[in-house]
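**Student:** Mind looking over this structure? Questions follow.
The values are calculated or read from the model by the stated rules, or taken from the named source; none is laboratory data. These figures come from a predicted structure and were not determined experimentally. No Cβ is skipped: glycine too gets one built from the backbone with ideal geometry, and neighbour counts run over all protein chains shown. Surface areas here come from the heavy atoms of the whole protein model, side chains and all, with no ligands, DNA or RNA. Shrake-Rupley method; radii C 1.70, N 1.55, O 1.52, S 1.80 Å.
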Amino acid sequence: MFYHLFYPLSEWITLFNVFKYITFRMIYGSITAFLLVYFTMPYFIRFMRSRQFGQIIREEGPAHHHAKTGTPTMGGVVIIFGVTVSTLLWCNLFNPFVWLALFTFLAFGFIGFLDDYLKLKRGKNLGLKAREKLILQFLAVLIFYLILFHILNFSTTLNLPFFKRIVLDLGIFYLFFAGIVLIGSSNGVNLTDGLDGLAIVPFCVVAGVYTVLSYVTGHIKFAQYLYIPYVPYAGELTIVCAILGGAGLGFLWYNSHPAEVFMGDVGSLSLGGIMGAIAVMIKQEFLLVIAGAVFVMEAFSVMLQVGYFKLTGGKRIFRMAPLHHHFELKGWKENKVVVRFWIISIICGLLALSTLKIR
Ligand code: 57M
């Protein structure tokens with residue numbers, strides 16, 4: 001909104017020319033999102049406590065997790081509020097990618113909200129069934145795919161890191177590829193969100209990496225110089241990624257150990273979903289695997305554990321899945337696990353950015 005309100009006035013007030021620049025709006029969008037979450041969250045926490053809407057802890061969890069019973073959850077509602085308001089304030093609202101990213105964010109957030117609400121209503125950690133969640137997620141992906149490829153006529157060619165000359169055209173199969181990216185990243189964040197601050201910092205790292213990737217992808221000279229596909233609408237996603245990072249830091253203020261609030265599935269699914277959508281829209285899906293390696297590790301640890309458990313009639317590879325619980329049961333304190341996973345995510349974020357020069 002500010003872009004549409006103030007930039008046209010730059011003819012009379014030169015200062016307002018700054019509203020044209022993505023870098024300016026990226027910084028202030030991020031700060032706006034941080035402040036919106038920072039100032040709103042205490043009221044949300046108070047509201048959830050007054051209604052006794054607290055987390056129900058799973059039985060099979062590590063013993064010390066039971067001390068967290070009753071911690072307010074669904075803090076993702078405040079993240080969604082901060083991101084949505086900040087995006088509407090600072091982005092160019094004529095950019096279709098901004099609306100498509102917001103749609104994905106809210107669609108996955110709605111699925112997570114349903115899951116959280118059912119858990120609270122039933123008083124058990126039993127929300128949507130895995131199958132129901134997957135069907136709803138795929139429905140959201142289908143709408144995302146139809147808008148992106150059939151209304152916006154987006155290219156179905158796939159861009160690979162390191163190999164600038166290889167271009168694969170997936171055609172209709174991009175629907176399934178997009179499904180893997182969006183549902184994979186959404187569930188990856190969801191599974192990772194099992195310790196205080198564990199999911200939100202790696203998410204902020206990925207948001208930072210994709211802030212840079214969106215900027216260079218939407219800038220024709222940088223895209224040509226780096227041999228990456230130039231995507232005209234991608235530039236505004238720089239601001240959306242920075243806003244996501246700012247909102248994430250606002251949430252971290254309250255989710256850091258000992259957490260005063262959990263994000264809930266409404267937060268984890270929406271954050272993972274929008275990040276997957278942005279990766280598809282700027283044609284940098286594979287770098288999500290590198291930058292989001294913590295989420296990939298956690299999801300794979302579950303797949304390996306559950307698969308091996310079923311194959312061997314109850315044997316385990318890890319002491320417990322996801323991976324963060326394995327280290328907890330090995331005797332690492334919660335904060336030790338969390339900070340070490342943060343370090344890994346920062347290194348992986350830097351590696352992801354380095355691939356831009358290795359092509
Ligand atoms: C998502 N949710 C946390 C909170 C958060 C197949 C199986 C691996 C699935 C998996 C599962 O159910 N995962 C669900 C993880 C939960 O957090 C809530 O969920 C939201 C995110 N979706 O926002 O609302 C618990 O995590 C803890 N937490 C914190 N701080 C935070 O900031 O301490 C969360 C955020 C919260 C709180 O205790 O209650 C979760 O872990 O459920 N299942 C599991 O992850 C279980 N693992 C398991 O069953 N492993 C078996 C299987 C694979 C054979 C095995 O390895 O033998 C673990 N779940 C829990 N504790 N709660 C077991 C340990």
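**Student:** Output the helices (runs of 4 or more DSSP H) that fall wholly within the stretch 288-359 and possess 1 or more residues being under 18 Å from V206 (Cβ atoms) and without any contact (Cβ under 8 Å) to a residue 24 or more places away in the chain, or say none.
**Tutor:** Per the criteria, 293-311, 334-354.
**Student:** Let me ask you something else. Filter the stretch 150-180 down to the residues that are on the phi < 0 side of the Ramachandran plot, among the aromatic types (F, W, Y) and open to solvent by 60 Å² or more (accessible area, probe 1.4 Å) and list them by number.
**Tutor:** The answer is F163, F173, F176.
**Student:** Just to be sure, is M281 near the ligand (Cβ under 9 Å from one of its atoms) and at pLDDT 95 or above?
**Tutor:** So M281 does not fit the description; no.
**Student:** Related question: When only residues in the stretch 105-139 that are open to solvent by less than 10 Å² (accessible area, probe 1.4 Å) and away from the ligand (no atom under 13 Å from the Cβ) count, which is farthest from I282 (Cα to Cα)?
**Tutor:** Filtering first and then ranking leaves Q137.
**Student:** List every residue pair whose Cβ atoms sit under 6 Å apart, with the two residues 6 or more apart in sequence or on different chains, where the first one lies in the stretch 151-163 and is free of Cβ contacts under 8 Å to residues at least 40 places away in the same chain and the second, anywhere, is part of a strand (DSSP E or B).
**Tutor:** From residues that are free of Cβ contacts under 8 Å to residues at least 40 places away in the same chain, the pairs are T156/D169.
**Student:** Same structure again: Based on this model, can you work out whether L102 counts as open to solvent by 40 Å² or more (accessible area, probe 1.4 Å) and closer than 21 Å to I143 by Cα?
**Tutor:** It is false that L102 is open to solvent by 40 Å² or more (accessible area, probe 1.4 Å) and closer than 21 Å to I143 by Cα.
**Student:** Follow-up. Restricting attention to the stretch 214-266, and to residues there that are assigned to a helix (DSSP H, G or I) and among the hydroxyl-bearing types (S, T, Y), which single residue is surrounded by the most Cβ atoms within 10 Å (Cβ to Cβ)?
**Tutor:** Filtering the stretch 214-266 for residues that are assigned to a helix (DSSP H, G or I) and among the hydroxyl-bearing types (S, T, Y), the one surrounded by the most Cβ atoms within 10 Å (Cβ to Cβ) comes out as S214.
**Student:** Out of all the residues in the stretch 181-207, which are away from the ligand (no atom under 14 Å from the Cβ), open to solvent by less than 10 Å² (accessible area, probe 1.4 Å) and under 21 Å from L128 (Cβ atoms)?
**Tutor:** L182
**Student:** Kindly indicate which of L114, L118, L100 is touching a residue at least 40 places away in the same chain (Cβ under 8 Å) and either closer than 26 Å to G194 by Cβ or out of contact with any Gly (no Cβ under 7 Å at 6 or more places or on another chain) (or both).
**Tutor:** L100
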